[in-house]
Structure formats: C-alpha cells, structure tokens
Amino acid sequence: MTAAPARTGGPADLAGLRRLAAATLDANWEHDHTVPSRTLYPHQWSWDSAFIAIGLAHVRPERAWQELASLFRAQWADGRVPHIVFNPALRVGAYFPGPELWRSADAQGSPAVHTSGLVQPPVHALAALLAYRRAPGQAGLAALHRLYPALVAQQRYLADHRDVAGDGLICVVHPWESGLDNSPAWDEPMAAVPAEAAVMRAYRRHDTAHADAAHRPTDLDYARYLAIVAAYRDHGYADRALADGHPFLVECPLFNAAFGAAEHALAEIAALIGADPEPHRVRAGRITEALVRRLYDPVNGTFQPRDVRAGRLLGARTVLGLTPLILPDLPARQADALVVEARSARFGVAARMDRPLPSHDRTAPDFEPLRYWRGPSWLNIGWLVRRGLLAHGHPALAAGLRRSMIGLVAGAGCHEYFHPDTGAGLGSPAFGWTAALLLDLLADEPQP
Ligand code: 9WN
C-alpha cells in the first residue's frame, strides 16, 4: 500500500492537548477506576490501569492511587492480579466475554468481585514508582507502603506459578495475557488450538458492535480465545497442570521485560519505604539473564517469543521484540541490536519519523494496517520503547518517537490506536491510556 504522509505537524497548542487528555481521563473515571473506553471496554483492565495511573499522577494524583488500589483490591489469594475487574453495576452483555463466562466466583482464592482469571503484563510497580516520582509527598509514600506487599505478591505469583518451563521466565497462557491479543506473534500457537468459528453463533460479540469487524480478531480467533479460557477455567484457573496439556503456553518478551522492570521498580520502591531493595535487584538480574538466554535470537538480532509447547522460538518479527529495551541492565550487545532493529525499515524509529511506530514489521507480508495489533500504532508500546531508548543512551531517537506520538494525538485525538501510515485514529475514541501517556509525554520535555 502507498504510504500517505504521516501527520507530523504536531499540536499548535500543547495546553489544548493537555486539556483534551485530562478531560478524557475525567470522562472515563468510574467511582474508583478509569475505564479504557466507555463503549468497547467499560470495566477495569489491569495494564490499562497501570498506564492510566501514570497519567493521572500529572493531573489528579489522588486518583492515581485510587486506580491502583481498586485494581489490587481484586487481587486473588494466590497473588494474581486479574486482567479484568468487572463493574457489578453494568448490565449483562456490556462486554463479551463477561462474568458469566469467567465464573471466577467458583475458583479457589478469587476475590468478592467478579474478575477474569487471566493476568496482563505486570507494569504496575513501574507505574507506582513513576506516579510517586511525579507526585511525591506523604500521601504518595503512604500509598507506596500499602501497595508494596501487593506488588511483591503479584511478582511472586508469576515466579511461583507461571514459570512453566522452569527457565526463570513467565508463560502467558492466553494471547489476552500478552496485551497484544491478536499479534501475528501468536498465529502459530493459535493455529494449534482446536476450535471452530461456528461456536461463535452461540454468543453475541460486543466488540464488533462498537468497532469495524474488519479491524478486530475474526470469529475463528474468538472461538480459539474461548477454548483456551475454557481449558483454564475448567481446571479452576489452577496452574499446577499447565505443563500437562494447556493449549497455549508462550514466553513473551514484553511480558517478561515487564516482569524484570517490575523488580527494578520494586527495588526503588523498597528503598523509599525502608524495605530491603537487594532481593529485587538480584531477581531483576536473573530475569534479564534468562530473557537474553532464552528469547534473544542472535540471527535476527531481536527478541522472539518462545512457544513452550512446541519447544521453539516463534518467527514473526513484531514490536514485542523491541520491548526488552526497557530493562536498564540489558547487555549492550542486545540493546545495540534492538536499536538497529528499531531503526530498520521494519519499524522506522528515527530522530525525524515519517510514520508512526507500527505494532508489526511493516515489510512482512502479513502486515495489516487496520487490524488489531497486526500493524497499527499504539501509544503504550511507543511509550515503552521510548523509555528503553532513553535508558540505553539514544535521546535523539527517543525524541523522534515522542514527537511522532504527540503528533498522532494532535492529528486524530485520544484514539485507541492509529493507522501506521496515515496516523488516522482507529478503534475506540477517548481511550484511557492514550490520554494518560500523552500527559506523561507532554510533561517529559527532553533537555536541549
Ligand atoms: C481483551 C482494554 C484491553 C487492553 C488490551 C487490548 C484489548 C481486550 C479485547 O483491550 O483487549 O482483554 O476485548 O480485545 O488488546 O491490551 O488491555 O483496553
């Protein structure tokens, strides 16, 4: 497809953009949390809340702490932080799959409120640390004191229950756990999940009522999503038997990078509240080492997910591969290779970007500019990659990415995601993490 010029003009009025982002967060606020979108995602989502807390700290710090506290009130007894916390006030059918499909109340150790049984990338410790840095003070410190044990339990759940291959890395048991649900990264393991699109006739999908079906996962994808949920749910969301036949077991570079970044953040939080940072530093080092050993592909010079069932690295070269850059202790060899990958025609990161950062290799035959996570640009991923570029000494590239992301919102508003060629807004308008991370980017003006 021909590349239309990206909208790189940027805002004439940064204060206006800031007001738009703050108003979006206000409009999505729901008594103790922020919904990602009033239409598509009307409940509370786990990693959305973390990104949103980072943005709230700029405008309404008290809500940043409420956001994280409400999510962690739904933490399970085993430490898992559910990927969706359902709002009981909403009608049945407000989102699919809803509580009636997850049946969390039947599982051991689930909280009083209905939730899903899956998790999402653990970016919450990083969010708590950044929220505190943005809004330091007694209230923030007290919030960190309260959150710290819950954040530690979240990490312990992952380490103790989800290291299915025993190699120090966490397995995601469903594409929804990766946060990049429909990424081409999952095509191979998803193809091995037995399911038929026809089962979807028994359900009413909520997403395609609010977004163009051509942009969303297919019915066959959804049939597989449901089959994987059923397999996990029917074992009571217990992780003991995962290795014996769970249909989807993948070590994801982004999830594991977030897992490592969380230990780095916990070390800093521990120091702030008078706990011992050292065990967190040790664990962080081990995670980075395991990531490099198990998921780095020296031939391609990027990180690839590992299919634990099939026992091999997966081939699709998606933006997931760049995200271990967020680890400050990533060795120079891998960090340098990721910068080469980021600057390549596949991803186009540059000091002056002519198009947004795509979610998938834009030179790949299966690149789709409109379909969910198969090409479009997301602000949370760009935000993570930008942090990584800064951490590894590439301020000019980081500045280019920042300008590109601000330009996207200036051109199209706080959309869920953006066309990777034209920058047109796609998915849900008034999307929570886009607004929140925009606030963070606007405030983080690099020094000349
Ligand atoms: C399933 C809420 C969530 C994000 C995910 C994104 C999408 C849900 C869906 O929306 O996933 O969890 O219905 O597609 O892929 O990253 O957390 O914004």
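Hand me the list of helices (runs of 4 or more DSSP H) wholly inside segment 74-188 holding 3 or more residues that are away from the ligand (no atom under 16 Å from the Cβ) and either without any contact (Cβ under 8 Å) to a residue 12 or more places away in the chain or farther than 23 Å from residue 292 by Cβ (or both).
Ranges flagged: 124-134, 138-161.
Restricting to segment 274-324, name every residue that is in a strand (DSSP E or B), touching a strand residue (DSSP E or B) at 6+ places or on another chain (Cβ under 7 Å) and β-branched (Val, Ile, Thr).
Within segment 274-324, just 318 meets the criteria.
As an exercise: evaluate residue 325 against (1) farther than 17 Å from residue 398 by Cβ; (2) surrounded by 17 or more Cβ atoms within 10 Å (Cβ to Cβ) and give the number of the one condition it does not meet.
Among (1) farther than 17 Å from residue 398 by Cβ; (2) surrounded by 17 or more Cβ atoms within 10 Å (Cβ to Cβ), the lone unmet condition for residue 325 is (1).
Among the residues of segment 211-228, are any over 30 Å from residue 426 (Cβ atoms), out of contact with any Asp or Glu (no Cβ under 7 Å at 6 or more places or on another chain) and modelled with pLDDT of 95 or more?
Within segment 211-228, not a single residue is over 30 Å from residue 426 (Cβ atoms), out of contact with any Asp or Glu (no Cβ under 7 Å at 6 or more places or on another chain) and modelled with pLDDT of 95 or more.
Could you give every pair whose Cβ atoms fall below 8 Å, whose first residue belongs to segment 290-303 and is free of Cβ contacts under 8 Å to residues at least 60 places away in the same chain and buried (at least 18 other Cβ atoms within 10 Å of the Cβ), and whose second residue is assigned to a loop (DSSP other than H, G, I, E, B) and of a type in the set (Lys, Arg), counting only separations of at least 6 or pairs across chains?
Close Cβ pairs (under 8 Å, with a partner that is assigned to a loop (DSSP other than H, G, I, E, B) and of a type in the set (Lys, Arg)) amount to 302/317.
Within segment 201-225, which residues are touching a helix residue (DSSP H, G or I) at 6+ places or on another chain (Cβ under 8 Å), within 12 Å of the ligand (Cβ to nearest atom) and assigned to a helix (DSSP H, G or I)?
221, 222, 225
Within segment 425-443, how many residues are away from the ligand (no atom under 13 Å from the Cβ) and small (Gly, Ala, Ser)?
Summing the residues that are away from the ligand (no atom under 13 Å from the Cβ) and small (Gly, Ala, Ser) in segment 425-443 gives 2.
Residue check, residue 282 against (1) farther than 25 Å from residue 180 by Cα; (2) crowded, with 18+ Cβ neighbours inside 10 Å, all met but one. Which one?
(2)
If you go through segment 233-263, how many residues are on the phi < 0 side of the Ramachandran plot and either surrounded by fewer than 24 Cβ atoms within 10 Å (Cβ to Cβ) or touching a strand residue (DSSP E or B) at 6+ places or on another chain (Cβ under 6 Å) (or both)?
The number of residues fulfilling the criteria is 18.
Does segment 255-271 contain at least one residue that is part of a loop (DSSP other than H, G, I, E, B), out of contact with any Asp or Glu (no Cβ under 9 Å at 6 or more places or on another chain) and not hydrophobic (A, V, I, L, M, F, W, C)?
Looking through segment 255-271, none of the residues is part of a loop (DSSP other than H, G, I, E, B), out of contact with any Asp or Glu (no Cβ under 9 Å at 6 or more places or on another chain) and not hydrophobic (A, V, I, L, M, F, W, C).
Away from the ligand (no atom under 16 Å from the Cβ) and in contact with a strand residue (DSSP E or B) (Cβ under 9 Å, 6 or more places away or on another chain): does that describe residue 348?
no
When you go through 47, 65 one by one, which is the residue that is buried (at least 20 other Cβ atoms within 10 Å of the Cβ) and within 13 Å of the ligand (Cβ to nearest atom)?
47
The values are calculated or read from the model by the stated rules, or taken from the named source; none is laboratory data. Bear in mind the structure is a predicted one, so any value in this text is a computation, not a measurement. For neighbour counting, all protein chains shown are included, and Cβ atoms are generated from backbone atoms with ideal geometry for every residue, glycine included.
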